[in-house]
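Here is the structure we will look at, set down as structure tokens.
The values are calculated or read from the model by the stated rules, or taken from the named source; none is laboratory data. This is a predicted model, so every value here is computed, not measured. Neighbour counts run over all protein chains shown; Cβ positions are idealised from the backbone, glycine included.
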Amino acid sequence: MAIAQSKSLQAYNSFGVQASAAFFTSIANRNDLEEALSYAQQENLPIQVLGSGSNVLLIRDFPGLVVHIGNQGVEWLESASAEFERVRVAAGENWHNFVSTCLNKNLYGLENLALIPGTVGAAPIQNIGAYGAEIANYFVELTAYDREENRWLSMDKSQCEFAYRDSVFKSGGRGRYIVIDVTLELSKQWEPNLSYQALTERLKDTEPNPQTVFETVCSIRREKLPDPAELGNAGSFFKNPTISQEKYAALSEQLPGLPNFDIEEEGLTKIPAAWLLDKLGWKGRSRGRAKVHNNHALVLVNPGEASGEDILLLAQEMSSSVLEKFGIALEPEVQIL
Ligand code: EPU
């Protein structure tokens with residue numbers, strides 16, 4: 001396991017901002033990870049784990065050891081039920097390639113989650129979701145290194161405490177666990193999940209199949225969301241806020257046509273942060289070297305030379321305006337490091 005010094009992280013974050021790591025290593029297996037952890041312990045270095053850096057904003061240089069998760073491999077496993085198959089996949093695999101692999105094997109469920117940037121290991125951290133599905137729906141277990149108890153352990157769905165763009169890895173267990181592989185259970189029988197309005201509309205006059213859903217999700221995403229390879233970004237910068245039904249009723253008077261989505265918690269509803277930001281004119285606006293995407297008000301972009309600080313300042317200005325005008329505090333979805 002090689003350890004580099006003063007390593008630029010520009011290629012390791014999808015915003016493409018400049019920041020460096022005092023020490024950096026890429027791990028290919030469990031053994032590499034154990035070695036990296038003992039090195040950090042010996043040298044008394046803090047650790048930051050990175051997958052492909054597609055949901056982080058780096059606002060300063062990191063004084064410790066950045067551990068890039070680069071292990072690869074997909075293992076097909078039997079399931080207790082003949083209708084399903086399990087798959088154990090290495091944390092360093094690319095999420096979208098993995099979604100394609102499953103579809104090519106006629107295993108279904110993940111097609112609504114096509115084209116989400118990032119690695120498999122990062123997917124459970126924020127419980128990735130899109131177009132009416134989230135990884136929690138297919139999750140069985142994962143293997144992680146527990147840095148508190150210094151051992152490998154297997155964590156099932158309830159231990160991961162999945163919620164909307166959240167899990168134990170983002171909340172209480174932040175920094176404690178390092179995910180090395182993830183096991184999902186996929187169906188051999190396709191059950192369409194076309195609940196999300198944008199999908200229903202596109203597919204309404206067709207006889208959808210898993211491939212067309214996959215392709216439609218990809219094309220909707222390509223229209224609205226910039227490709228990080230072409231324009232630095234980390235997808236939605238903020239979470240969609242959850243508010244009370246009363247607050248929603250009051251806001252709707254102020255903002256006719258404000259959309260909302262039903263959620264499980266009684267008396268609460270979710271509203272799109274993008275819609276609020278769009279109302280306030282944020283789409284396409286620039287602040288210094290940082291910018292809001294032309295096609296989506298929830299996506300901040302780096303047109304070229306922006307720093308993490310530039311992007312953070314823009315985000316703060318956006319959330320302040322929403323708080324001031326609508327009394328809603330937006331919470332970042334992206335992890336600020
Ligand atoms: N809208 C606007 N203006 C905009 C963009 C959107 O008014 O500039 C409106 C849309 O018309 C729609 C609503 O806002 O009524 C929601 O927009 P959209 O369907 O684009 O979804 P979103 O709520 O902004 C969420 C996820 C995305 C995910 C999509 C599709 C969050 C924070 N974001 O976005 O996830 O791809 O739904 O399921 O939950 C991500 O997490 O990085 C991400 C991209």
TODO: Taking the residues in the stretch 44-83 that are over 18 Å from Tyr145 (Cβ atoms) and over 25 Å from the mean Cα position of the chain (by Cα) as candidates, determine which candidate is modelled with the highest pLDDT.
DONE: Asn44
- [ ] Determine which member of the set Tyr164, Tyr138 is crowded, with 19+ Cβ neighbours inside 10 Å, in contact with a Gly (Cβ under 8 Å, 6 or more places away or on another chain) and either over 17 Å from Glu35 (Cα atoms) or acidic (Asp, Glu) (or both).
- [x] Tyr138
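So which of Asn294, Asn260 ends up being at negative phi and touching a Gly at 6+ places or on another chain (Cβ under 6 Å)? Let's see the steps before the verdict.
On the way: Asn260 fails: touching a Gly at 6+ places or on another chain (Cβ under 6 Å).
The unique qualifying residue is Asn294.
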- [ ] Among what's in the stretch 293-308 and is in contact with a helix residue (DSSP H, G or I) (Cβ under 9 Å, 6 or more places away or on another chain) and not in a loop (DSSP other than H, G, I, E, B), pick the residue that is nearest to the ligand (Cβ to nearest atom).
- [x] Val299
- [ ] Just give me the residues in the stretch 223-241 being more than 8 Å from the ligand (Cβ to nearest atom), under 11 Å from Gly16 (Cβ atoms) and touching a strand residue (DSSP E or B) at 6+ places or on another chain (Cβ under 9 Å), in sequence order.
- [x] Pro228, Leu231, Gly232, Asn233
Task: the stretch 122-157 - residue that is under 19 Å from the mean Cα position of the chain (by Cα) and of a type in the set (Asp, Glu) and, of those, farthest from the ligand (Cβ to nearest atom) - done: Glu141
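So is Thr119 more than 13 Å from Leu186 (Cβ to Cβ), over 17 Å from the mean Cα position of the chain (by Cα) and of a type in the set (Val, Ile, Thr) or not?
Numbers: more than 13 Å from Leu186 (Cβ to Cβ): yes; over 17 Å from the mean Cα position of the chain (by Cα): no; of a type in the set (Val, Ile, Thr): yes.
No: the conditions fail for Thr119.
Please state which one of Gly308, Gly288, Gly327 is farther than 25 Å from Gln48 by Cα and modelled with pLDDT of 95 or more.
Details: Gly308 fails: farther than 25 Å from Gln48 by Cα; Gly288 fails: modelled with pLDDT of 95 or more.
So the residue among Gly308, Gly288, Gly327 that is farther than 25 Å from Gln48 by Cα and modelled with pLDDT of 95 or more is Gly327.
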Open item on the list: When you check Asp205 against the structure, is it surrounded by 17 or more Cβ atoms within 10 Å (Cβ to Cβ), more than 14 Å from the ligand (Cβ to nearest atom) and either assigned to a helix (DSSP H, G or I) or of a type outside the set (A, V, I, L, M, F, W, C) (or both), yes or no?
Closed with: no
TODO: For the stretch 1-55, please list each of the strands (runs of 3 or more DSSP E) lying entirely inside it that holds at least 1 residues being over 29 Å from Leu231 (Cβ atoms) and not β-branched (Val, Ile, Thr).
DONE: 4-8, 20-27
Task: The listed residue being more than 10 Å from the ligand (Cβ to nearest atom) and either crowded, with 19+ Cβ neighbours inside 10 Å or not assigned by TED's automatic domain parsing to the domain that holds Ser171 (or both), out of Glu93, Glu78 - done: Glu93
Open item on the list: Which pairs turn up if I take residues in the stretch 103-128 that are over 17 Å from Val49 (Cα atoms) and look for partners that are basic (Lys, Arg) and more than 10 Å from the ligand (Cβ to nearest atom) with beta carbon separation below 8 Å, at least 6 apart in sequence or on another chain?
Closed with: Asn106/Lys188; Leu107/Lys188; Tyr108/Lys188; Leu115/Arg222
Open item on the list: Can you tell me how many residues within the stretch 3-40 are in contact with a strand residue (DSSP E or B) (Cβ under 9 Å, 6 or more places away or on another chain), free of Cβ contacts under 8 Å to residues at least 24 places away in the same chain and not hydroxyl-bearing (Ser, Thr, Tyr)?
Closed with: 3
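Would you confirm whether or not the stretch 173-192 contains a residue that is free of Cβ contacts under 8 Å to residues at least 24 places away in the same chain and over 27 Å from Glu223 (Cα atoms)?
Of all residues in the stretch 173-192, those free of Cβ contacts under 8 Å to residues at least 24 places away in the same chain come to 173-174, 192.
Retained after the next criterion (residues that are over 27 Å from Glu223 (Cα atoms)): 173-174.
The answer is yes; a qualifying residue exists.
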TODO: For the stretch 247-285, enumerate the residues that are in contact (Cβ under 8 Å) with a residue 24 or more places away in the chain and of a type in the set (Ser, Thr, Tyr).
DONE: Thr269
Task: Restricting the stretch 208-239 to residues that are within 12 Å of His293 (Cβ to Cβ) and acidic (Asp, Glu), the residue that is surrounded by the fewest Cβ atoms within 10 Å (Cβ to Cβ) - done: Glu230
